[in-house]
1. Using a Förster distance of 35 Å, how high is the FRET efficiency between GLN167 and ASP249, based on the Cβ-Cβ distance and rounded to 0.05?
2. Suppose the chain between ILE3 and ASP140 were pulled fully straight at 0.36 nm per residue; how much longer would it get relative to their current alpha carbon spacing?
3. Run the numbers for ASP160 and HIS178: contour at 0.36 nm per residue of separation, minus the present Cα-Cα distance, in nm.
4. For the stretch 33-93, which trypsin sites (Lys or Arg not before Pro) are in a loop by DSSP, counting at most 14 other Cβ atoms within 10 Å?
5. Please list TRP143, TRP263, TRP20 in order of solvent-accessible area, largest first, computed with a 1.4 Å probe with all protein chains present.
6. Taking the Cα centre of the stretch 111-173 as the origin, how large is its charge dipole in debye, to the nearest 20, when only Lys and Arg (+1) and Asp and Glu (-1) carry charge on their Cβ atoms?
7. As a test of reading the structure, rank LYS173, LYS234 by solvent-accessible area (1.4 Å probe, protein chains only), most first.
8. Taking R0 as 30 Å, what's the FRET efficiency between GLU233 and SER33 from their Cβ-Cβ distance, rounded to 0.05?
Amino acid sequence: MLIIRTAAALAATPGDVLFWHHARTPCTAPADSRMCVKTMVQGAEVFARRGLRMRLDEDAYLILNGGEPSAGVYRGDDEARALSLHFTDATLAQAALHGLDADEASHGPPRFLEHLRHRGDRVGERLGLIARRLESGECDEAWCECQALSLLDDALVMEDEQRFAAQRIGSVKPATQHELHRRLAIAADYIWSNHERPTTLADIAGAAHLSRFHLVRLFRQVYGRTPHAYLQEKRLMVAERLLARTDLDLEEVATRAGFGNRWSLFRQLRRRRGRSGDAMRRHVESSAACPTSA
């Protein structure tokens with residue numbers, strides 16, 4: 001697996017590629033038609049995919065099946081740092097066949113559900129490990145190839161877990177379960193992509209083409225919480241990241257996270273994290289001053 005850092009090299013390299021890119025100013029992200037797993041180490045990528053707008057940031061990763069180019073725009077206050085692993089069909093098929101039975105494998109490599117996935121799972125953790133090794137300069141091509149193949153295995157396991165989650169939608173046929181799960185993923189992506197602005201239940205339901213009643217009932221079955229709780233959790237992730245990495249005042253942090261004002265941010269931090277924004281920032285600073293060995 002080649003490690004490349006320029007869009008031109010990505011387009012010119014036909015095999016498996018790890019693309020590691022820094023952009024100082026907002027710019028168009030490179031298009032590629034291979035299957036890929038991508039995330040942002042810093043900043044965000046905003047792009048459209050089959051008529052849907054998504055915003056990929058540091059809290060999420062995305063698996064694209066390939067077959068059609070997909071490009072967006074990198075954004076960030078300082079610089080955007082993007083990480084993506086691009087795979088040829090042969091490599092994907094080899095990895096997929098390892099985890100599928102003969103009947104499933106005869107239909108070719110599986111199609112992943114293309115939606116934003118939380119970086120807290122095993123695939124996201126492996127992406128974070130690769131990014132840290134790249135930043136430290138302790139990353140060679142052989143190590144990256146091993147990590148990339150392991151990541152594909154992890155992705156297949158996570159996809160099976162996603163399909164199992166869809167089975168929580170009861171009293172409908174499997175084909176209907178799949179379609180409802182796809183619509184719920186669109187709703188979750190809409191929440192994560194629009195967290196910074198006022199977002200109503202009607203907005204989320206409209207994006208997923210579901211009624212508000214069915215959205216709340218089905219969303220709770222699959223994600224274990226209401227769409228509003230999911231939105232508040234995403235806003236807290238963004239606020240915590242801004243508190244840890246920037247010197248923005250609490251009013252600006254609240255605005256960027258989507259809480260609107262510092263008092264809403266304060267209430268959510270107290271309720272869900274047990275501390276205020278100032279206390280959280282002091283905790284981060286003290287932890288940075290006294291690092292512990294991993």
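1. Plugging the Cβ-Cβ distance into 1/(1 + (r/R0)^6) gives 0.15.
2. 48.5 nm is the gain from fully extending ILE3 to ASP140.
3. That works out to 5.2 nm of additional length.
4. ARG50
5. Numbers: TRP143 50, TRP263 160, TRP20 5 Å².
These residues rank, largest area first, as TRP263, TRP143, TRP20.
6. Value, rounded to 20: 500 debye.
7. LYS173, LYS234
8. 0.35
The values are calculated or read from the model by the stated rules, or taken from the named source; none is laboratory data. This structure is a prediction, so every number in the text was calculated from the model and none was measured. Here Cβ is always computed from backbone atoms with ideal geometry, including for glycine, and neighbour counts include all displayed protein chains. Ligands, DNA and RNA are excluded from the accessible area calculation, which covers all protein heavy atoms including side chains. Shrake-Rupley method; radii C 1.70, N 1.55, O 1.52, S 1.80 Å.
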